[in-house]
Amino acid sequence: MHVVITESTYQSILSQALRDAPIESCGYLLGTDKETATENYPMTNVDHSDEHFCFDPKEQFAVLKYARQKGLKIVGNWHSHPASPSRPSQEDLRLAFDPSILYFILSLAGEQPVLNAFRIEKGEVKEKFMLR
């Protein structure tokens with residue numbers, strides 16, 4: 001399997017992550033199929049933390065409703081790592097409950113942003129997709 005993220009979607013998550021830094025930013029990625037992310041649905045990190053994120057349950061319900069109304073699928077969720085690499089932390093692995101979606105991590109730690117996607121099952125990375 002491969003995954004594609006459109007340039008406009010990438011730019012949307014990058015600008016959101018830069019705006020929210022130094023706290024972790026987050027959202028859902030939507031598309032017409034499970035392999036192509038064509039839209040960022042921004043979410044609020046209700047923990048306002050620079051080390052982890054937590055979605056607002058009301059916003060999670062809203063993204064599901066929005067996706068259904070627009071005929072879109074949830075490709076995955078994403079969050080930023082403002083000061084660490086683009087790889088799942090132990091907490092990210094522990095909280096990755098849905099093996100049917102991808103988990104995208106955007107690192108802002110280096111000279112250039114790095115975006116990777118991961119398929120996580122039972123607390124382990126099963127597949128890694130390098131996007132940038």
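Name the residue that is modelled with the lowest pLDDT, counting only residues in the range 47-87 that are more than 16 Å from ILE105 (Cα to Cα) and touching a Phe, Trp or Tyr at 6+ places or on another chain (Cβ under 7 Å). Lay out the reasoning, then the answer.
Filtering the range 47-87 down to residues more than 16 Å from ILE105 (Cα to Cα) leaves 47-48, 56-73.
So of that shortlist, the ones also touching a Phe, Trp or Tyr at 6+ places or on another chain (Cβ under 7 Å) come out as 47, 63, 66.
Numbers: ASP47: 94, VAL63: 97, TYR66: 98.
Here the residue is ASP47.
The set of residues in the range 29-43 being outside any loop (DSSP other than H, G, I, E, B), over 23 Å from ASP56 (Cβ atoms) and among the charged types (D, E, K, R) consists of ASP33 alone. Scanning the range 72-120 for residues being surrounded by 18 or more Cβ atoms within 10 Å (Cβ to Cβ) and of a type in the set (Ser, Thr, Tyr) gives a total of 4.
Determine, yes or no, whether GLN16 is out of contact with any Phe, Trp or Tyr (no Cβ under 6 Å at 6 or more places or on another chain), in a helix (DSSP H, G or I), farther than 18 Å from LEU131 by Cβ and polar (S, T, N, Q). Answer is no for this residue.
Within the range 47-69, is there a residue that is among the hydroxyl-bearing types (Ser, Thr, Tyr), within 23 Å of LEU95 (Cβ to Cβ), in contact with an Asp or Glu (Cβ under 9 Å, 6 or more places away or on another chain) and assigned to a loop (DSSP other than H, G, I, E, B)? Yes. Here GLY123 qualifies as surrounded by fewer than 17 Cβ atoms within 10 Å (Cβ to Cβ), touching a helix residue (DSSP H, G or I) at 6+ places or on another chain (Cβ under 9 Å) and not aliphatic (A, V, I, L, M). Evaluate the range 20-28: report whether one residue or more is over 25 Å from GLY123 (Cβ atoms), modelled with pLDDT under 95 and not in a loop (DSSP other than H, G, I, E, B). Scanning the range 20-28 turns up no residue that is over 25 Å from GLY123 (Cβ atoms), modelled with pLDDT under 95 and not in a loop (DSSP other than H, G, I, E, B). Among residues of the range 12-27 that are touching a residue at least 40 places away in the same chain (Cβ under 8 Å), those with a Cβ under 6 angstrom from a residue that is polar (S, T, N, Q) and part of a helix (DSSP H, G or I), sequence gap 6+ or separate chain, pair up as SER25/GLN16. Taken together, PHE61, PHE55 contain a single residue that is more than 14 Å from PRO113 (Cβ to Cβ), aromatic (Phe, Trp, Tyr) and surrounded by fewer than 17 Cβ atoms within 10 Å (Cβ to Cβ), which is PHE61. Under the condition of being outside any strand (DSSP E or B) and not hydrophobic (A, V, I, L, M, F, W, C), the residues counted in the range 71-106 number 15.
The values are calculated or read from the model by the stated rules, or taken from the named source; none is laboratory data. Keep in mind it's a predicted model, so treat the numbers as computed, not measured. Because the Cβ atoms are built from the backbone with ideal geometry, glycine has one as well, and the counts that use them run over all protein chains shown.
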